[in-house]
1. Restricting attention to region A:393-420, and to residues there that are under 16 Å from A:F463 (Cα atoms) and of a type in the set (A, V, I, L, M), which single residue is surrounded by the fewest Cβ atoms within 10 Å (Cβ to Cβ)?
2. Please determine whether any residue of region A:371-383 is surrounded by 20 or more Cβ atoms within 10 Å (Cβ to Cβ), away from chain B (no Cβ under 11 Å) and touching a residue at least 60 places away in the same chain (Cβ under 8 Å).
3. Please verify whether B:Q67 is in contact with a strand residue (DSSP E or B) (Cβ under 6 Å, 6 or more places away or on another chain) and either outside any helix (DSSP H, G or I) or crowded, with 17+ Cβ neighbours inside 10 Å (or both), treating the condition exactly as stated.
4. Suppose we filter B:I265, B:I201, B:I256, B:I192 for residues that are within 8 Å of chain A (Cβ to nearest Cβ), closer than 24 Å to A:G321 by Cβ and in contact with a helix residue (DSSP H, G or I) (Cβ under 7 Å, 6 or more places away or on another chain); which single one remains?
5. Scanning region A:444-458 for residues that are farther than 13 Å from A:I387 by Cα and not small (G, A, S), which turns out surrounded by the most Cβ atoms within 10 Å (Cβ to Cβ)?
6. Of (1) surrounded by fewer than 19 Cβ atoms within 10 Å (Cβ to Cβ); (2) under 29 Å from A:E115 (Cβ atoms), A:F358 satisfies all except one. Which?
7. Only one residue in A:L85, A:L69, A:L79 is modelled with pLDDT under 80 and in contact with a Ser or Thr (Cβ under 9 Å, 6 or more places away or on another chain). Which one?
Amino acid sequence: MSIFKRNSEKSGYKRGRRNIYLTILSIFLIGIFAAFLNYPTAWNNGVNWLNNKVGFTVMPHFWERPFKLGLDLQGGTHLVYEADLSNIASEDYMDSMQGVRDVIERRINLFGVAEPVVQINKVGSHYRLIVELAGVKDAHQAIEMIGQTPSLDFREERDKKESEDILIRQQEIIDKMQQGVELTSEEQQILMEDANFIPTTLTGRYLKRAELQFDQQTYQSQVSLEFDSEGSKIFEELTRKNVGKRIAIYLDGSPISAPTVQEAISGGKAQITGNFSLDEAKELVQRLNAGALPVPINLVNQQTIGASLGKISLNKSLEAGILGFLAILLFIIFYYRLPGLIASFSLLIYVVLVLAVFKIIPVTLTLSGIAGFILSIGMAVDANVLIFERFKEEFKSGKSLGGSIDEGFNRAWPAIRDGNISTIITCIILFIFATGLVKGFALTLGIGVLISMFSAIVITKTFFRWFVGRKIEEWKKIWG
Amino acid sequence: MQVIKYRKIYFTISIILLLGSLFSLIFWGLKLGIDFTGGSLMEINFIEDRLSNQQIQEKISDLNLGQINIQPIGEKGVLLRMKEIDEDTHQEIINKLGNPQEERFESIGPLIGNELKQKAIWAIGLSLLVIILYIAWAFRKVYKPVASWQYGLVAIIALFHDIFITLGFFAFLGYFREIEIGLPFVAAFLTILGYSVNNSIVIFDRVRENLLKTNWNDFKEVVNDSINQSLTRCLNTALTTLFVLLAVFFLGGESIKYFALALIIGIIVGTYSSIFITSSLIVWGKNK
């Protein structure tokens, strides 16, 4: 490594000094930037104060990006559903899984969860859906909503008179409600009613498949539906009855399309034309196939953490981490004196840097992730300890400070390199093979170890070199 | 410090520890958590007074839950462990216990548990293999007076020594304290593995360096010097890591407490073995 090359030429001395100052400056700038990234409130409060004083915006706010917390730290629920695909042709597996995912995603969006995760997961011949809802308060309700089988149904138009009647009655009830009158259950029922359409017996159960098509002349995208034999009969009857009227297609209780029937349709095929864009038509096909393919899903795995427990865990592990870190700093300062103090600074910068990287990537922090991070601090300390032990040996044997620093770093490097590489190998394997919990541990430990090499080799060494050629060099005792 | 001279004593200590671990692993076995076996775990906090274990048993006895393990935690909390249950049964239990506040609920199907176990075994096996290859490569230039593969072999023996004793200790804890081995333990054991290899590397690194400087006719002396030179590093690193782990063990909360304990034991055993066993084994290997 070239950074270990000893710069013993006298002419290079001045240039070396300037380089040290430049490196220290950039380390501090990076450190300060990372610190504000970790805690933007400090910057923003300062800027607000300044802007208020001056009267106009002098400086912009800092980029506010929150730490991404795992379910175990902010509470939430992790669900794994196994799909039963036994009635589906194997080439359609992925399609139907995507359909199921979309339906469930929509259901969850109705539930109002921030950043839900819904993933298709294939293990061997098992197709699964992983659902992660962070911060959800009532896991049970969420599970119930997800568990419903997607519903697709067709509704016919009421005649004009009937829908007007319903609308008038509903208006009356709304007026009553606004006056604060308690509603009877019958009135509530009426309020829920669809004024324009009535349900029919034709549902997604009878839909064989939906497909994306294009109109031969206009190239307009349209959706074609194909019913099974039973569905075809119902559909034929329904269209005969409703020529000139609209038939609405409802998905999960809300209308997605209401085409007008031109003529009675036999053969069980229908087209939905409308002003779809290509994407809309594609989505509709997926939704319809989802509604039409009732793939039963089965909850096989559930992990739910209450928000309060998550918060306690977060606070406790933070507390433990900070306390442990302080103990380390005290120990190395006490044992190694000035070098220990230098290492404490570089460790502080190290911690700030790692946290900033966690924010930028972003790494989802879980309890085991925090454990991995804490352990990587241990590795960073180890690198420093290895270097100091070597440095002390050299310094005691009568070498100059600069010589001992270079020699110490040089001699400690093979052990640091070999040790860290074996840890990184473990992390990579864990990250590829393991799931959830262990993955988080591997990721934070891996990132931590990578940055720790930089911290020990670049930051500690640069700080160290700053002391070369100064008076303090003579004071042997302070160097341990 | 004379390590090599008294190596028989250290070998004896290690053999006793290993036999003890073997005993506890065979007779008590590891208590695997629901991550691996499938099952469910429920942590609840009673709003009023906590029901006694027997009251809880009685209230949910007609749900056919099989064997239920009930463990009081904290002031008003209870941890229930039972077979895998579905969401309806889960809600029924909550109902029957008078709607306590639920802090945590996990239910894992046996199939997924088995998959996780397979994956964990794969991950451990693969990292072992790659690390061994890496050590053999890193020490390829050292071949006198012992062959480079012997360093790799000794590092692996030390590693099994550390992990085996830690596992034995957890079999003991599982039997007497009902502590289960869950998924986080895989991470803990892999870390111990990395730590152990790291220690071996540091000491071998010294041996490697000293062998180049001195007359290796007196191999015992060289190894003994190397240990003494690495002693402070080994102890200081172990100490600083232990500071953090002890803080996590005492303050870090229930869920990572035993994860930290596994690491604490692994690191203590690992430090012992790297100072006393690794070097003795290398010397022993040369005499063979």
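1. Per the criteria, the residue is A:L401.
2. no
3. No; evaluated as a whole, the condition is false for this residue.
4. It is B:I256.
5. Here the answer is A:L445.
6. Of the numbered conditions (1) surrounded by fewer than 19 Cβ atoms within 10 Å (Cβ to Cβ); (2) under 29 Å from A:E115 (Cβ atoms), the odd one out for A:F358 is (1).
7. Just a single option satisfies the conditions, and that option is A:L85.
Listed here are the residues, each with its yes/no results for (1) in contact with a strand residue (DSSP E or B) (Cβ under 8 Å, 6 or more places away or on another chain); (2) surrounded by fewer than 16 Cβ atoms within 10 Å (Cβ to Cβ).
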site: A:N38; (1), (2): no, no
site: A:N45; (1), (2): no, yes
site: A:N48; (1), (2): no, yes
site: A:G55; (1), (2): no, yes
site: A:H61; (1), (2): no, yes
site: A:E64; (1), (2): no, yes
site: A:F67; (1), (2): yes, yes
site: A:G76; (1), (2): yes, no
site: A:S86; (1), (2): no, yes
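The values are calculated or read from the model by the stated rules, or taken from the named source; none is laboratory data. Fair warning: this is a prediction, and the values are worked out from it, not measured in the lab. Methodologically, a virtual Cβ is constructed for each residue, glycine included, from the backbone with ideal geometry; neighbour enumeration extends over all protein chains shown.
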